[in-house]
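The values are calculated or read from the model by the stated rules, or taken from the named source; none is laboratory data. Everything numeric here is computed off the predicted structure, so don't read it as measured data. Cβ atoms come from the backbone with ideal geometry, glycine included; neighbour counts cover every protein chain shown. When the accessible area is computed, the model is the full protein with side chains, heavy atoms only, and any ligands, DNA or RNA have been set aside. Shrake-Rupley method; radii C 1.70, N 1.55, O 1.52, S 1.80 Å.
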Amino acid sequence: MNNHVTVLEIDGTALDHNLNYFKQKINPETKILAVVKAFGYGSDGVQVAKHLEDKVDYFAVAYTHEGIALREANISKPILVLHPQIPNLKEVVSYRLEPNLYNFKIFNAFLKLADEAPLMNYPIHIKFNTGLNRLGFWHTDIPAIISDLKKTNHIKVQSLFSHLAASEDLEEQEFSINQINNFAYIAQQFYKHLGYEPLLHILNTSGVVNYAKAQFDMVRVGIGLYGFGNDDKETAALKNTHNLTSIISQIHTINPGETVGYNRAFVAKRPTKTATVPIGHADGLSRKIGNKKGYVLINNQKAPIIGNVCMDMIMVDVTKINCNEGDAVIIFNNQQMIQHIANVSETIVYETLTAISQRVKKVLKK
Ligand SMILES: *Cc1c(COP(=O)(O)O)cnc(C)c1O
């Protein structure tokens, strides 16, 4: 049981708001796949999936053990495993997970397992590389894939999909549209020669925002569910889902010339009141936000982080803030604060959110 006082509260109402925001951007019949990989973007994938289960059509995780965690929590909706790994394919089947097969090595490994079991029409997903050059078959592989599929009824293609490389960037519009057109061509080949019509999907969050016409049968929404769109305007229409709070453990008053934290990185120029807060880089706060780059909120006032971020704690300057040991500390409770941490950490909000570690207690509030 995690009883840490540093808590990430996941806002269920905000998740619903964000889901509805994306539903309203697509046709009513288009399916929604909620991406809950990486512990629901640093929150709690199981709690998020439980909350959303009746409102979405599909879930996706990156790795097999993430899917197993959902099944063990009795999530029964279909779960696409984006990057299942050959050694885990037996467990994929025993937990009724649906593998993405992205090259012949894993396709053949899964087919062999399906033949031996034997499985019957086991749902699999086939990914095509249309320009990201990460995972996926090439369009030139289509005839061989279709020929293999025609020889078996042990597996059945539930969907064909691809992933955009720069869906958030309108300067790359031509590239994205080319990816979409290539994907449509691939789908057409399958529809023509396979004898049945798998679901098609290519859009992630910013794909839905910028290329809603290419929604095909399903969209895969990740970061958008957690409150972030491609730009400030989209983000403003979404609600923040991740609220990270803690409490003041101790307050010190130090004299000019005294220092705070490791390497004595902060040197007091005047009498300074400091507060120690139990959250550090092991909880997911980058060391880049130390030395006054980042701040927290105490009694609605900004308290800059002074000195280096420690593994388990930060120290903040509360000289001008009326506060006591035990008082609440807000690390972030809106998208601007998360974006600020990402900026001063020299990264993107995806990394800031997913960095929130397993040591932080996670609570979903409905
Ligand atoms: C992570 C991921 C998504 C979700 O992307 P967002 O930008 O968070 O919406 C969709 N599809 C694939 C293949 C992914 O890996």
* **Answer residue from segment 61-91, given it is surrounded by 23 or more Cβ atoms within 10 Å (Cβ to Cβ) and of a type in the set (A, V, I, L, M, F, W, C) and is farthest from the ligand (Cβ to nearest atom) among those** => LEU70
* May I ask you to list pairs of residues, at least six apart or on different chains, whose Cβ atoms are under 8 Å apart, with the first in segment 332-346 being under 15 Å from ASN291 (Cα atoms) and the second being modelled with pLDDT of 95 or more and open to solvent by 60 Å² or more (accessible area, probe 1.4 Å)? => VAL344/LYS288; VAL344/LYS293; SER345/LYS288; SER345/GLU351; GLU346/LYS288
* Asked: Quick one: which of LEU203, LEU225 is within 21 Å of GLN47 (Cα to Cα) and within 15 Å of the ligand (Cβ to nearest atom)?
  -> LEU225
* Asked: Of the numbered conditions (1) basic (Lys, Arg); (2) touching a strand residue (DSSP E or B) at 6+ places or on another chain (Cβ under 6 Å); (3) more than 15 Å from the ligand (Cβ to nearest atom), LYS233 satisfies every one except a single condition; which is it?
  -> (2)
* To do: For segment 145-161, name all the residues that are more than 14 Å from TYR102 (Cβ to Cβ) and more than 16 Å from the ligand (Cβ to nearest atom).
  => ILE146, SER147, ASP148, LEU149, LYS150, LYS151, THR152, ASN153, HIS154, ILE155, LYS156
* To do: Would you mind listing the strands (runs of 3 or more DSSP E) fully within segment 308-366 where at least 1 residues are touching a helix residue (DSSP H, G or I) at 6+ places or on another chain (Cβ under 7 Å) and open to solvent by 50 Å² or more (accessible area, probe 1.4 Å)?
  => 361-365
* Could you say whether any residue in segment 179-188 is in contact with a Lys or Arg (Cβ under 6 Å, 6 or more places away or on another chain) and within 13 Å of the ligand (Cβ to nearest atom)? -> no
* Mind checking which residues of segment 238-267 are among the polar types (S, T, N, Q) and within 27 Å of the chain's Cα centre (by Cα)? -> ASN240, THR241, ASN243, THR245, SER246
